[in-house]
Structures are given as structure tokens and as C-alpha cells.
Amino acid sequence: MVLKSLSALLVATGIALGLGTPASAQDYPTRPVRIVIAFSPAGAIDILGRLIADKLSQLWGQQVIVENRPGAGSVIGTRAAVKAPPDGYTLLMITTGLSLSANPGYDVTKDFAPIGTIASIPIVVMANASVPVKTLSDVIALAKKEPGKVTIGSPPPPTLNYFGAEQFKAMTGIDVSIVTYKGTGPLTNDLVGGHVMLAFNTLPPAIGNIQAGKLNAIAVCAPERLAAIPDVPTAAEAGLPGLDVVLYYGLAAPAGTPRPIVERLNKELRAIVTSDEFKKRIVADGGGPAPSTPEEHAANIAREEGKWNAMIKKLGLKLE
């Protein structure tokens, strides 16, 4: 149902605006474009968004401004972006988990014009180097030895980091405290500082500290290991098959954005994502490039949101 609605939205947008002149897309943009990132600076989505903004600025010769609007696990910034005029001058960096709040204030099947997927980045379980754990088994043993004392940092719901941590608790039966942060940037800072013991984190904001020995990467929550940290096992290899927490990042616009502009944006986004420079950067940061059409992006949103909504119901979690 979600997939059909999103596909219908894309088709309807194109039909409704088919009478518009192609020149509108050819001339676009004629003024600065804003990309809203609904998280704090320095996290994975912020790093990706700034890379895309920089490349689009170079392509267009027009300023692309990044605006961080964190709060409520991305809900505040997302609400603001989807209510912006649908003219192509406000875009939104999105990640998996858009519909995982009880009352987000928007509908993923109606309020977005998906432009394209950018990359996939899995969650990595990591720890401050002073914490005596090297494997997931060590984490579980420590948590069972000291119930309630082990802290795991994560951005708040509706992020997959948080729901992945809840899934980990449910799968292992351990008693740990989940400490929430506005984004992976501040989370990483507190993890390095020892204010939280472990984290369900993305690799980009943490990889420098892992390489410096300040943090230990324990397990990758994905079907395959990461080229950036090839010695770190997957969760399945570490004894927890099924703990797959992979975030997909993409670009979207408010619903009603002219189809010619969506197609123009998709064409240029795909050129960026498939460039050798971008691919090398994403792989080095612990992810994989994921170029797509708008329709493929819509299908990805439908599939991943459905998967995690089902997981939340299975775990019996209450959405806020």
C-alpha cells in the first residue's frame, strides 16, 4: 500500500505538472537552494548532506545552503521541510525511520517527492576504549554481570540506532540503559569522553577515533563486513544473526515539487553518487553508494519503513 501510494504520487506529480515548460527545469535553480538536515551537525547524515550540497553548488554555480534543524529524532526538521513551498528550493536529507513516530505530523505516502537514494550505512556497535569489551559476547556478559549499569548511547526514536539498540536488548535479554542524544555527532563526543560506555552509531563520525584507538568497533549490524573496518565481524558472525540495522540516506522534496525539477535533481544526484570520488569517500566512511531513480527511492522507503514498523510491533515498543 505504501509503495503504491508513493509511486502514484510520483506519477501524479508528473502528470499534474506536464503542462509546465521544460525551461523551468532547465533554468533551475535561479537562487540559493536549501537542504534541511533534521539532525545535529557532524553525524553521518550531516556529512553526506554537506557533500551533496557542495557538489550541487559546483554543478550549478549556485549556493546550496545546509540548514540543521534537529529535534525529536528528526521529526521537527522534517515537519518544517515538508511544509515548505514545493518549488525545488527546499530539499530534505532523509534516512530510514521517517514513519516510526506515533504522530510525526506528516505522511510518508503523501508529503514527500522522493528524488533519489544516496548511500546505505549500517549501524556499528562500538565502545569507549576503556570499557573491557572486545566482542558482543563480552558486552552481553558485562551487562548480565552488572544489570542496569551498562549504558548504550543512541539518537532518540524514531532513529534506527535506537530501535536497533532495543532489538539488541530483546534478542539478548540484557538489562542496559539507552541514553539518547540529538545526533551521532554529540553521541560520538560523549562516547569518546567516556560519558556513555557503548553506542549504536554510524561509522562516519567515529571512524577517526576508532583509527586513533579511542573507540573500539565491536560488530557491524549488516549482512556483510565493512571495507573501512574489515577486521570487525558482522553481528551474525558474532553470534547474533538477525541484528541487521542498515540506514538508507536519500534526498527528497515537498510533495508537489514539479516533476521536471525532480528529474533534474535525480539526474545530477546520480552523477554525484556514481562518481569515483564520491564512491571512494562513502566506502572509506563505512557505507556503500546507492544511486536510484525516484521510483526506486520510493520503493526503498516503503520497504524499509514497513520492515521497521513490523519490528517495533513485534518488540512491543511504544512510539512517542
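The values are calculated or read from the model by the stated rules, or taken from the named source; none is laboratory data. If you're wondering where the values come from, they're calculated on a predicted model, not measured in any experiment. Note that we place each Cβ from the backbone using ideal geometry, even for glycine, and neighbour counts take in every protein chain shown. Just so you know, the surface numbers come from the protein's heavy atoms only, side chains and all, with ligands and any DNA or RNA stripped out. Shrake-Rupley method; radii C 1.70, N 1.55, O 1.52, S 1.80 Å.
Accessible surface of residue 126, taken over heavy atoms with a 1.4 Å probe and every protein chain present, rounds to 0 Å². In this structure the amide hydrogen of residue 181, modeled in the peptide plane, comes within under 5 Å of the amide hydrogens of 154, none closer than 5 places in sequence on its chain.
Phi angles of the range 193-200 translate, via the Karplus equation with coefficients 6.51, -1.76, 1.60 and θ = phi - 60°, into HN-Hα couplings of x, x, 7, 9, 7, 10, 8, 9 Hz per residue; Gly and Pro are given as x. Rounded to whole Å, give me the distance from the Cα center of the range 36-94 to that of the range 136-198. Their Cα centres are 27 Å away from one another. A simple charge model with +1 on the Cβ of Lys and Arg, -1 on the Cβ of Asp and Glu and nothing else charged puts the dipole of the range 54-115 at about 80 debye relative to its Cα centre.
In the context of the full protein assembly, residue 67 retains an accessible surface of approximately 50 Å², using a probe radius of 1.4 Å and ignoring ligands and nucleic acids. Remark on residue 91: its backbone amide H falls under 5 Å from those of 34, 35, 36, a criterion applied only to residues 5 or more positions apart or on other chains, H modelled at 1.01 Å from N. By DSSP, the beta bridges lying fully in the range 101-206 are antiparallel in about 40 percent of cases.
Peptides 171-183, 258-270, ordered by how many other C-beta atoms sit within 10 Å of their residues on average, highest first, read 258-270, 171-183. Would you mind estimating how fast the range 51-111 diffuses translationally, via Stokes-Einstein at 4 °C and 1.567 mPa s with the Kirkwood radius over Cα pairs, in µm²/s? Translational diffusion coefficient: 100 µm²/s. How much of the DSSP bridge set in the chain is antiparallel, in percent, rounded to the nearest 5? Beta bridges within the chain, antiparallel portion: roughly 60 percent.
Residues of the range 29-50 with an amide N closer than 19 Å to a point placed 7 Å from the Cα of residue 284 along the Cα-to-Cβ direction: 42-50. The alpha carbon radius of gyration of the range 213-312, expressed as a multiple of 2.2 N^0.38 Å, is 1.31. One chain, two ends: residue 171 and residue 317. Fully extended at 0.36 nm per residue, the span grows by 51.2 nm beyond their Cα-Cα distance.
Straight-line reach from residue 110: which lysines fall under 16 Å, measuring Cα to Cα and dropping same-chain residues less than 8 apart? Straight-distance partners of residue 110: 4, 83. Computed from label points 7 Å out along Cα-Cβ, the spacing between residue 310 and residue 65 is 4.3 nm.
Scanning the chain for DSSP H helices at least 15 Å long along the axis (C-alpha atoms) with a Kyte-Doolittle mean no lower than 1.6 picks out 2-16.
Element breakdown for the chain at a 1.4 angstrom probe: carbon and sulfur atoms account for 54% of the accessible area.
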